[in-house]
Amino acid sequence: QVQVVESGGGLVQPGESLRLSCVASGISFSRYAMGWYRQAPGKQRELVATISSTGGTNYASSVKGRFTISRDNAKNTVSLQMNSLKPEDTAVYYCNANQWLNVYWGQGTQVTVSI
């Protein structure tokens with residue numbers, strides 16, 4: 001049974017940092033591309049960052065230079081370090097595991113950036 005579980009969301013003030021983590025079980029983790037997506041109220045889900053099975057990374061232009069995605073294959077974990085958070089980063093953040101036609105999503109974790 002495949003499970004994708006996010007953690008680390010919360011309420012922070014603008015300019016602060018958060019670190020999201022995602023543990024994926026039931027898959028050959030090292031073979032999967034992993035990603036973080038987010039969905040704000042009334043908006044479509046959008047890509048935040050991805051990391052390939054070989055470690056290549058890709059970021060949305062809105063987060064480049066502020067967010068860093070990393071993976072630890074020994075722990076089946078992908079992380080998203082978010083610095084200099086802005087109110088527009090407020091959203092539910094979802095973890096995604098992707099290998100060809102095999103795509104799995106977590107339930108999401110809320111990130112709120114507000115004074």
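One table, with the values for the structure above:
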item	result
Accessible area in square angstrom per residue, segment 75-115, 1.4 angstrom probe	53 Å²
Carbon + sulfur, % of accessible area of the chain - ligands and nucleic acids excluded, 1.4 Å	47 percent
Among 12, 103, 78: highest mean-square fluctuation, GNM of the chain, C-alpha pairs under 10 Å	103
Net charge, residue 41 excluded, C-beta distance under 15 Å - Lys, Arg +1, Asp, Glu -1	0
Test item: Cα-centred dipole of segment 1-87, Lys/Arg +1 and Asp/Glu -1 on Cβ, debye	140 debye
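The values are calculated or read from the model by the stated rules, or taken from the named source; none is laboratory data. This structure is a prediction, so every number in the text was calculated from the model and none was measured. In this analysis, Cβ positions are derived from the backbone assuming ideal geometry, glycine residues included, and neighbour counts consider all displayed protein chains. For accessibility, only protein heavy atoms count, side chains too; no ligands or nucleic acids. Shrake-Rupley method; radii C 1.70, N 1.55, O 1.52, S 1.80 Å.
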